[in-house]
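Q: Structure incoming, see below.
The values are calculated or read from the model by the stated rules, or taken from the named source; none is laboratory data. In this text the structure is predicted, and so the values were computed from the model without any measurement. Please note: Cβ atoms are built from the backbone with ideal geometry, for glycine as well, and neighbour counts cover all protein chains shown. SASA here: full protein model, heavy atoms, side chains in, ligands and nucleic acids out. Shrake-Rupley method; radii C 1.70, N 1.55, O 1.52, S 1.80 Å.
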Amino acid sequence: MLRTTFLAAAVAIAAPALSAEIPHDQRQSSYELMSPDTRAMQDEDTSNPGMLWVLEGEALWKRETGEANRSCADCHGDATQSMKGVAARHPAFDEKRREPVDLEGRINICRTEQQKAPASARESRDILALSAFIARQSRGMPIESSDERLRPFIEKGRSLFTARQGQLNLTCAQCHDDNWGQKLAGIPVPQAHPTGYPLYRLEWQALGSLQRRLRNCMIGMRAEAYVYGAPEYIALETFVKWRARGMPMESPAVRP
Amino acid sequence: MTRALINVPSRARRGEIIAIKTLISHVMETGFRYTTAGERISRDIIHGFVATYNGEEIFRAELFPALSANPFITFHTVATESGTIEFRWTGDNGYAATESAKITVE
């Protein structure tokens with residue numbers, strides 16, 4: 001199925017890459033492309049499966065762990081206050097590391113340095129639950145990307161976004177800047193705004209991170225996906241967040 | 001760990017038809033899949049769901065491997081009296097989960 005999908009894409013996208021940036025008044029979340037049923041699923045907290053992870057994240061938030069035997073709540077208190085807007089501005093520049101860290105990376109920094117616990121694996125249930133719970137506190141808030149120190153990483157992300165890669169020799173921009181709104185084997189091609197992550201994807205039957213989504217697109221291009229947490233993913237995340245600056249967060253969203 | 005989301009209106013008029021929605025976290029492993037090493041992944045699904053209204057059964061469903069993970073079950077009932085609606089899911093490997101919601105009928 002996937003194979004035919006992307007072969008069709010390769011044929012359809014034979015035109016040269018123009019890669020014009022999407023004008024701000026034409027930007028749209030993939031939510032706009034979803035069926036009324038899938039939208040209803042996202043809109044109502046008791047039918048949005050992403051909320052199951054949020055509930056679990058809330059429990060983890062209060063649980064003491066690690067050698068320090070401290071919970072996230074011990075230091076950060078009420079997440080509805082302390083974590084408001086935090087997901088909307090990640091990846092954020094980390095002073096000590098001199099580079100951006102995404103939300104999952106940030107949680108692991110607190111796990112290892114503050115709780116003295118082992119880092120959670122990317123895409124593990126715990127990290128997804130905590131990131132869903134934290135991202136939920138940013139729902140409706142505009143994505144923020146104004147830190148000038150992010151600039152070189154945004155540019156690195158942009159060059160990855162516009163570079164041809166994989167056996168299909170495609171760029172991300174060919175689909176998401178030049179052909180959004182078109183159909184790819186019956187599926188609408190979205191603009192690729194990261195407004196809803198982590199999100200529940202019906203195809204995955206689970207919650208997944210933005211990196212998992214990027215990995216999916218890379219495999220679709222028949223490119224070699226990076227390992228989770230790779231600087232290339234962080235750069236792409238930083239770029240797509242910048243590209244979507246000002247758009248409202250929807251986490252945890254639902255996608256087909 | 002099991003997490004469930006229940007949507008029952010907290011108040012209703014007597015005789016009103018109300019919608020009840022339940023969502024529960026579960027992998028719903030079909031038993032038809034294999035690992036990359038060729039070993040069969042054993043079946044692990046929720047196979048039963050029962051709802052009771054002040055102890056009386058009002059809805060029952062049997063679930064099968066074709067169902068997606070995190071099953072969402074919704075049904076309607078008539079609000080007859082104030083009390084508790086209870087939900088019970090049972091499944092493979094001794095799986096059992098219960099949740100309840102209060103409703104005031106006036």
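Q: Within region A:126-152, restricting attention to residues that are of a type in the set (Lys, Arg) and in contact (Cβ under 8 Å) with a residue 40 or more places away in the chain, which residue is farthest from A:THR80 (Cα to Cα)?
A: Ranking the candidates gives A:ARG149 first.
Q: Which residues, counting only those in region A:58-69, are over 19 Å from B:GLU99 (Cα atoms) and either facing chain B (nearest Cβ under 9 Å) or in contact with a helix residue (DSSP H, G or I) (Cβ under 9 Å, 6 or more places away or on another chain) (or both)? Give the steps one after another, and end with the answer.
A: Within region A:58-69, the first condition is being over 19 Å from B:GLU99 (Cα atoms), and the residues that meet it are A:60-69.
Across region A:58-69, the qualifying residues are A:LEU60, A:TRP61, A:LYS62, A:ARG63, A:GLU64, A:THR65, A:GLY66, A:ALA68.
Q: On to the next question. Within region A:98-109, track down each residue that is surrounded by fewer than 17 Cβ atoms within 10 Å (Cβ to Cβ) and in a helix (DSSP H, G or I). I'd like the intermediate steps shown before the answer.
A: The first filter runs over region A:98-109 and keeps only residues surrounded by fewer than 17 Cβ atoms within 10 Å (Cβ to Cβ), leaving A:98, A:109.
Selection gives A:ILE109 alone.
Q: Take the residues of region A:138-166 that are part of a loop (DSSP other than H, G, I, E, B), open to solvent by less than 70 Å² (accessible area, probe 1.4 Å) and touching a helix residue (DSSP H, G or I) at 6+ places or on another chain (Cβ under 6 Å): which is farthest from A:ALA92 (Cα to Cα)?
A: As a first pass, look at region A:138-166 and keep what is part of a loop (DSSP other than H, G, I, E, B): A:138-141, A:143-147, A:162-164, A:166.
Adding the requirement that they be open to solvent by less than 70 Å² (accessible area, probe 1.4 Å) leaves A:138, A:140-141, A:143, A:145, A:147, A:162-163, A:166.
When the remaining residues are screened for being touching a helix residue (DSSP H, G or I) at 6+ places or on another chain (Cβ under 6 Å), the result is A:138, A:141, A:143, A:145, A:162.
Values: A:SER138: 15, A:MET141: 16, A:ILE143: 12, A:SER145: 8, A:THR162: 22 Å.
Here the residue is A:THR162.
Q: May I pose another question? For region B:81-98, give me the residue count where each residue is open to solvent by less than 70 Å² (accessible area, probe 1.4 Å) and not small (Gly, Ala, Ser).
A: Initially, region B:81-98 is screened for residues open to solvent by less than 70 Å² (accessible area, probe 1.4 Å), giving B:82-85, B:87, B:89-92, B:95-97.
Imposing the further condition that a residue be not small (Gly, Ala, Ser) reduces the set to B:84-85, B:87, B:89-90, B:92, B:95.
The number of residues fulfilling the criteria is 7.
Q: Considering each of A:ARG222, A:ARG164, A:ARG151 in turn, give the residue that is within 27 Å of A:ARG106 (Cα to Cα) and either more than 18 Å from the chain's Cα centre (by Cα) or not aliphatic (A, V, I, L, M) (or both).
A: Working: A:ARG222 fails: within 27 Å of A:ARG106 (Cα to Cα); A:ARG164 fails: within 27 Å of A:ARG106 (Cα to Cα).
So the residue among A:ARG222, A:ARG164, A:ARG151 that is within 27 Å of A:ARG106 (Cα to Cα) and either more than 18 Å from the chain's Cα centre (by Cα) or not aliphatic (A, V, I, L, M) (or both) is A:ARG151.
Q: When the residues of region A:72-125 are filtered to those that are without any contact (Cβ under 8 Å) to a residue 60 or more places away in the chain and of a type in the set (Val, Ile, Thr), which remaining residue is farthest from A:GLU144 (Cα to Cα)?
A: Going through the qualifying residues, I end up with A:THR112.
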